[in-house]
Amino acid sequence: MIDIHSHILPGVDDGAKTEEDSLAMAREAVAQGITAIVATPHNKNGKYDNDRHSIINSVEILSELFVKEDIPLIILPGQENRINGDILEDMKNGNILPINDSKYLFIEFPSANVPRYASQMLFDIQVAGYTPVIVHPERNQELIEHPGKLYEFVKKGALTQVTAASVVGKFGKNIQKFSHDLIEANLTHFVASDAHNTTTRGFCMHDAFHEIKNKYGSDYFYMFLENSQLLVDNMNVNRMEPSQVKKKKFLGLF
Ligand code: FE
């Protein structure tokens with residue numbers, strides 16, 4: 001299985017701090033059945049900047065270390081871009097790194113809201129020839145309250161990725177429920193770990209895929225597995241017709 005979202009590079013953001021941390025994460029990833037992992041350090045999130053060149057460099061170093069340590073894990077370069085007004089400019093400047101240099105670009109919203117310019121930005125990214133992948137929409141407060149906004153983004157061509165830990169309830173019941181709402185409404189296309197370490201923000205990939213297979217059957221299980229492979233191979237991914245998240249009953253008033 002391929003994990004398309006991780007903070008495994010050492011010392012570049014709030015993920016692995018040292019090479020030892022990275023190795024511990026890599027060994028855990030292998031134990032979970034992961035064969036290839038995309039390193040997606042934060043970029044322009046207000047705290048961490050990681051441009052294309054530095055990420056590619058760091059991935060090469062870590063890749064050599066995996067070989068030296070006999071860890072059977074392929075590492076690929078990526079970047080988690082906090083949405084900001086400079087993305088198109090940064091594409092031209094060569095600061096942006098789509099996942100494994102494909103057409104797929106990770107876009108992260110702030111956790112509390114969705115900026116007003118998001119819709120236009122997602123459109124502009126597509127006009128520039130890229131497909132935005134909105135990461136962990138299930139952890140965004142505004143999208144939890146107004147899932148119709150995510151539906152609009154997906155309708156207009158964006159893809160989304162839910163976090164394995166959310167699917168299994170590590171971020172609480174509400175976020176777990178919303179993750180499953182998104183799967184059921186065909187509003188998400190990838191399941192990835194967003195692992196930062198091996199403890200508090202671990203992989204949970206084995207458990208999440210197990211839960212998906214149990215709850216939704218083999219078709220969904222294989223679709224999610226295949227989509228991550230298709231993404232890193234820069235192929236078109238499986239998309240099913242999205243629907244609106246069903247309004248949940250609130251205190252029995254509806
Ligand atoms: Fe992340």
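The values are calculated or read from the model by the stated rules, or taken from the named source; none is laboratory data. The structure presented is a predicted model; accordingly, all values stated were derived computationally and were not measured. Here the Cβ positions follow ideal geometry from the backbone for every residue, glycine too, while neighbour counts run over all protein chains shown. Calculation scope for accessible area: heavy atoms of the full protein, side chains included, ligands and nucleic acids excluded. Shrake-Rupley method; radii C 1.70, N 1.55, O 1.52, S 1.80 Å.
Highest mean first, how do 103-110, 169-176 rank when packing is the count of other Cβ atoms within 10 Å averaged over residues?
Details: 103-110: 20.5, 169-176: 15.2.
So the peptides 103-110, 169-176, ranked by packing, come out 103-110, 169-176.
Quick check on packing: order 2-15, 118-131 by the mean number of other C-beta atoms within 10 Å, highest mean leading. Show your work: numbers first, answer last.
Values: 2-15: 23.1, 118-131: 15.9.
Put in order of decreasing packing, that is 2-15, 118-131.
Quick check on the chain: helices-only [θ] at 222 nm, where DSSP H runs of length 4 and up contribute -39,500 (n - 2.57) each and the sum goes over total residues. Nearest 500, please. Kindly include the intermediate steps, with their values, before the conclusion.
Working: 10 runs with 104 residues, N = 254.
It comes out at -12000 deg cm²/dmol, rounded to the nearest 500.
Report the extension gain between residue 155 and residue 173 in nm, rounded to one decimal, defined as 0.36 nm multiplied by the number of residues separating them, less their alpha carbon distance. Provide the component values of the computation, followed by the final result.
Values: separation 18, 0.36 × 18 = 6.48 nm, distance 2.68 nm.
Computed gain between residue 155 and residue 173 is 3.8 nm.
Give the ranking of 216, 117 by solvent-accessible surface, highest area first, calculated with a 1.4 Å probe.
Listed by decreasing accessible area, they come as 117, 216.
Are any of the pairs 47/177; 47/170; 149/170; 92/170; 149/213 more than 32 Å apart by Cα-Cα distance, and if so, which?
Violating the 32 Å Cα-Cα cut-off are 92/170.
Calculate what fraction, in whole %, of the accessible area of the chain sits on carbon and sulfur atoms when a 1.4 Å probe is rolled over the protein chains. Please report the intermediate quantities before stating the final value.
Details: 6040 of 11890 Å².
Using a 1.4 Å probe with all protein chains present, the chain comes out at 51 percent carbon and sulfur.
List every residue whose amide H lies under 5 Å from the amide H of residue 104, counting only residues 5 or more places away in sequence or on a different chain, with H placed 1.01 Å from N in the peptide plane.
Under 5 Å from the amide H of residue 104: 99, 131.
How much length is gained on full extension from residue 233 to residue 128, taking 0.36 nm per residue of separation minus their Cα-Cα distance? Before the final figure, lay out the partial values.
Numbers: separation 105, 0.36 × 105 = 37.80 nm, distance 1.95 nm.
That pair, residue 233 and residue 128, stretches by 35.9 nm at full extension.
With the crude spin-label approximation of a point 7 Å out along Cα→Cβ, what separation in nm comes out for residue 31 versus residue 64?
In this crude spin-label approximation the distance works out to 2.8 nm.
Would you mind giving the three semi-axes, in whole Å and largest first, of the ellipsoid equivalent to segment 120-254 according to its Cα gyration tensor?
Working: eigenvalues 95, 82, 44 Å².
Taking √(5λ) for each Cα gyration eigenvalue gives 22, 20, 15 Å.
So how strong a dipole does segment 142-188 carry about its Cα centre when Lys and Arg Cβ are +1 and Asp and Glu Cβ are -1, to the nearest 20 debye?
Working: 6 positive and 5 negative charges, 18 e Å.
The dipole magnitude comes to about 80 debye.
Principal axis extents for segment 76-176, Cα atoms only, whole Å, descending order, please.
Sorted from largest, the Cα extents of segment 76-176 read 41, 30, 21 Å.
Expressed in nm to one decimal, what extension gain is obtained for the pair residue 200 and residue 18 from 0.36 nm per residue of sequence separation less their Cα-Cα distance?
On the way: separation 182, 0.36 × 182 = 65.52 nm, distance 1.66 nm.
Full-extension gain reported as 63.9 nm.
For the ranges 188-195, 81-88, 66-73, what's the packing order if you count other beta-carbon atoms within 10 Å of each residue, average per peptide, and put the highest first? Don't jump to the answer; show the numbers that get you there.
Working: 188-195: 26.4, 81-88: 17.6, 66-73: 12.8.
Going by the mean number of other Cβ atoms within 10 Å, highest first, we get 188-195, 81-88, 66-73.
Distances longer than 34 Å among the Cα atoms of the chain: what percent of all pairs is that?
12
Calculate the spin-label point distance for residue 213 paired with residue 53, positioning each point 7 Å from the Cα along the beta-carbon direction, and give it in nanometres.
Computed distance between label sites residue 53 and residue 213 equals 4.5 nm.
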